[in-house]
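The values are calculated or read from the model by the stated rules, or taken from the named source; none is laboratory data. Computed from a prediction, not measured in an experiment: that's the story for all the values here. With ideal geometry, Cβ positions are generated from the backbone for all residues, glycine too; neighbour counts draw on all protein chains shown.
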């Protein structure tokens, strides 16, 4: 135990995901020795995120304005939507440079054990986006695990009868893992090899 | 790449020791979803550390007042000083509950390759503390690696001729490692088995 401010910082850092007690201590001493301007910038970045980041009113991605950068970009194909669970997944797919369409962020996946059903996800908003017929293809890029597959199956049953081309990312992604941890090449191949689903 | 504030936070977090790009992203999204009061507390803890933590004018440990908690505590034996490299080492030794004396934090170890010589450490301040004869025993608890051993040897050559009882922590500590990573039992045994040095 340290006294006062340094122990407070060790405690606060230790609450972050993936930061154990030793890492928290190491980071706290790094902060103690760091340039005050650098520490100020980190503290500001933390509060700025809460103050300024919002969620895109169209797709649900993280955004700095009412609409995210991708939804505001007129060069992105309006005919194709890639459905993902989280904003992190948008970044992972953007890194592959395989996809020129738009996104829809569900905010999670169907998970009965955790009490998350279709109504807890941004599925109604997806349906609204599909209403005017501009979108002709939907790529289901939910995580390759049980919840992600269940969500893709649920969505395919809704979307295929609407006459849309619906596909699921190809296998090649490690099963049971998180999409965000796939490397660019694997994720890029999975994109190329996506398979069309029938009802 | 995210837009604006969230990327700024990912970048700032990625500069911390032991935080890679994936961890930085994970922490940033945790922050984004966290209670604003929790984020405020973390941001405040960061700036408070810079504003309020100082170094004890006696021993060089981290402190919230001009003197640290241990130097202010009249129950700590004034006759024994344990010399360590860093404030982190004080906490590690306190956890063993083996030591009831006081500390002296050198602020590093002799390391000719990094250009750190005896004059860069708080050795002059140690000599001042020893001047009035109150201290009769000095325990050298520098890290069990090359720099720590060199520093202990250097200090032993200064202190033994002064008639002080000088000891070095017993082997039992993993060689080549950092003192702060030793478990309490190992470090406690090393304390018990410390061996007296001769000139």
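Here are some notes:
- Only one entry in B:21, B:36, B:74 is at pLDDT 95 or above and at negative phi, namely B:74.
- Selected residue (only one of B:70, B:116 is under 20 Å from residue B:138 (Cβ atoms) and outside the structural domain of residue B:184 (by TED's automatic domain parsing)): B:70
- All positions within the range A:93-148 that are under 17 Å from the mean Cα position of the chain (by Cα), in contact (Cβ under 8 Å) with a residue 40 or more places away in the chain and assigned to a helix (DSSP H, G or I): A:93, A:95, A:96, A:125, A:126, A:148
- If the condition is being in contact with a helix residue (DSSP H, G or I) (Cβ under 8 Å, 6 or more places away or on another chain), more than 23 Å from residue A:92 (Cα to Cα) and not in a helix (DSSP H, G or I), then the range A:149-166 contributes only A:164.
Condition check ((1) touching a strand residue (DSSP E or B) at 6+ places or on another chain (Cβ under 9 Å); (2) on the phi > 0 side of the Ramachandran plot; (3) surrounded by fewer than 19 Cβ atoms within 10 Å (Cβ to Cβ)) across all residues:
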{"position": "A:63", "(1), (2), (3)": "yes, no, no"}
{"position": "A:85", "(1), (2), (3)": "yes, no, no"}
{"position": "A:97", "(1), (2), (3)": "no, yes, yes"}
{"position": "A:104", "(1), (2), (3)": "yes, no, no"}
{"position": "A:108", "(1), (2), (3)": "yes, yes, yes"}
{"position": "A:132", "(1), (2), (3)": "no, no, yes"}
{"position": "A:163", "(1), (2), (3)": "no, yes, yes"}
{"position": "A:167", "(1), (2), (3)": "yes, no, no"}
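- Test: residue in the range A:151-170 that is modelled with pLDDT under 95 and over 18 Å from residue A:81 (Cα atoms): no
- Verdict on residue B:81 being part of a helix (DSSP H, G or I), modelled with pLDDT of 95 or more and under 30 Å from residue B:151 (Cα atoms): no
- The single condition from (1) surrounded by fewer than 22 Cβ atoms within 10 Å (Cβ to Cβ); (2) touching a strand residue (DSSP E or B) at 6+ places or on another chain (Cβ under 8 Å) that residue A:112 fails is (2).
- Condition met for residue B:14 (within 26 Å of residue A:2 (Cα to Cα) and touching a strand residue (DSSP E or B) at 6+ places or on another chain (Cβ under 6 Å)): no
- Tally, over the range A:171-195, of residues that are at pLDDT 70 or above, surrounded by fewer than 16 Cβ atoms within 10 Å (Cβ to Cβ) and either assigned to a strand (DSSP E or B) or touching a strand residue (DSSP E or B) at 6+ places or on another chain (Cβ under 9 Å) (or both): 1
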